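Chemist: Before anything else, here's the structure in question.
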Amino acid sequence: MFEFIKNIIRKRSLKNHASIVPTQIIPLSKVNSYVAIIDVEDPTFDTCKTAIMNFFRNRDIKGCVFFQDFRKIGSEDRLITSIQTTITKKDLDWVGRPSKYKLNVLGEQAPDLFISLIKDPEFAIEYMARTSTAKFKIGRKQMEGNLFDLVINDPEDKHISQMESFKAIQGYLTKIQ
């Protein structure tokens, strides 16, 4: 019963807060800012973060990398990413939405391009993607209503890392004119 109520509230929240900005595939030359979300549990997350930042910096596109860190962090463990741009379980409300603070940090970026490199996004990432006012959205898994304009799926017989996914995205972004 609790899950049923939670799902109703999630759907209503998405409906009420979803961006109304139309999205489409746009050329890299029209992208002024980006936001990318990566999973710290992927072994390639650090090299992926660096690759994302270098790719956009070399094109004078400003932006930010957010981190999904849903690991159980003990008292002796330390967060290995920036607290401002890391979404942890503690940052989620009971429905699964990120805190207003994290959403404001995302909104302040005013990205033209939103990239989710999360292989199996949970509600928090879906909420961030749906509420983002980005004009071009890229993901690894399509969501209801064709949320993403470009989807880079893993091959059926193989699991690929975030880094490999970003290399594929990089290839597409440089070809789109």
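Chemist: Go through region 2-43 and report how many residues are among the polar types (S, T, N, Q), touching a strand residue (DSSP E or B) at 6+ places or on another chain (Cβ under 9 Å) and closer than 28 Å to Glu144 by Cβ. So that I can check it myself, show each step before the final result.
Modeler: Residues of region 2-43 that are among the polar types (S, T, N, Q), as a first pass: 7, 13, 16, 19, 23-24, 29, 32-33.
Pick out the ones that are also touching a strand residue (DSSP E or B) at 6+ places or on another chain (Cβ under 9 Å) and you get 23-24, 32-33.
Still in the running and closer than 28 Å to Glu144 by Cβ: 23-24, 33.
Total satisfying the criteria: 3.
Chemist: In region 82-102, what residues are under 17 Å from His17 (Cβ atoms) and part of a loop (DSSP other than H, G, I, E, B)?
Modeler: Scanning region 82-102 gives Asp93, Trp94, Val95, Gly96, Arg97, Ser99.
Chemist: OK, next. Of a type in the set (Lys, Arg), farther than 17 Å from Asn16 by Cα and part of a helix (DSSP H, G or I), is that true of Lys167?
Modeler: yes
Chemist: Mind checking whether some residue in region 103-115 is open to solvent by less than 30 Å² (accessible area, probe 1.4 Å), touching a Phe, Trp or Tyr at 6+ places or on another chain (Cβ under 9 Å), not in a loop (DSSP other than H, G, I, E, B) and not hydrophobic (A, V, I, L, M, F, W, C)?
Modeler: no
Chemist: Give the number of residues within region 1-55 that are of a type in the set (A, V, I, L, M, F, W, C) and outside any helix (DSSP H, G or I).
Modeler: Number of matching residues: 12.
Chemist: Quick one: in region 110-167, which of the residues that are more than 28 Å from Asn7 (Cα to Cα) and of a type in the set (Ser, Thr, Tyr) is farthest from the chain's Cα centre (by Cα)?
Modeler: Ser161
Chemist: In region 122-145, which residue that is among the small types (Gly, Ala, Ser) and outside any helix (DSSP H, G or I) is farthest from Arg12 (Cα to Cα)? I'd like the intermediate steps shown before the answer.
Modeler: Within region 122-145, the first condition is being among the small types (Gly, Ala, Ser), and the residues that meet it are 124, 129, 132, 134, 139, 145.
Within this subset, residues satisfying the condition of being outside any helix (DSSP H, G or I) are 132, 134, 139, 145.
Values: Ser132: 17, Ala134: 21, Gly139: 23, Gly145: 15 Å.
By that ranking, first place goes to Gly139.
Chemist: Still on this structure, I have one more. Do you know which residues across region 116-169 are in contact with a strand residue (DSSP E or B) (Cβ under 7 Å, 6 or more places away or on another chain), more than 18 Å from Ile52 (Cβ to Cβ) and surrounded by 19 or more Cβ atoms within 10 Å (Cβ to Cβ)?
Modeler: Ala124, Tyr127, Leu147
Chemist: Mind listing whichever residues of region 139-177 are over 18 Å from Phe123 (Cα atoms) and of a type in the set (D, E, K, R)?
Modeler: Across region 139-177, the qualifying residues are Asp149, Asp154, Glu156, Asp157, Lys158, Glu164, Lys167, Lys175.
Chemist: Here is a further query. How many of the residues making up region 126-177 are on the phi > 0 side of the Ramachandran plot and not polar (S, T, N, Q)? Write out each step before concluding.
Modeler: Start the filter on region 126-177 by keeping residues that are on the phi > 0 side of the Ramachandran plot, which leaves 145-146.
If we keep only those that are not polar (S, T, N, Q) too, we end up with 145.
Total meeting the criteria: 1.
Chemist: Please enumerate the residues belonging to region 12-33 that are surrounded by 11 or more Cβ atoms within 10 Å (Cβ to Cβ) and charged (D, E, K, R).
Modeler: Selection gives Arg12, Lys30.
The values are calculated or read from the model by the stated rules, or taken from the named source; none is laboratory data. Since the structure is predicted, the reported quantities are computational estimates derived from the model, not experimental observations. Methodologically, a virtual Cβ is constructed for each residue, glycine included, from the backbone with ideal geometry; neighbour enumeration extends over all protein chains shown. Surface accessibility is based on the protein's heavy atoms, side chains included, excluding ligands, DNA and RNA. Shrake-Rupley method; radii C 1.70, N 1.55, O 1.52, S 1.80 Å.
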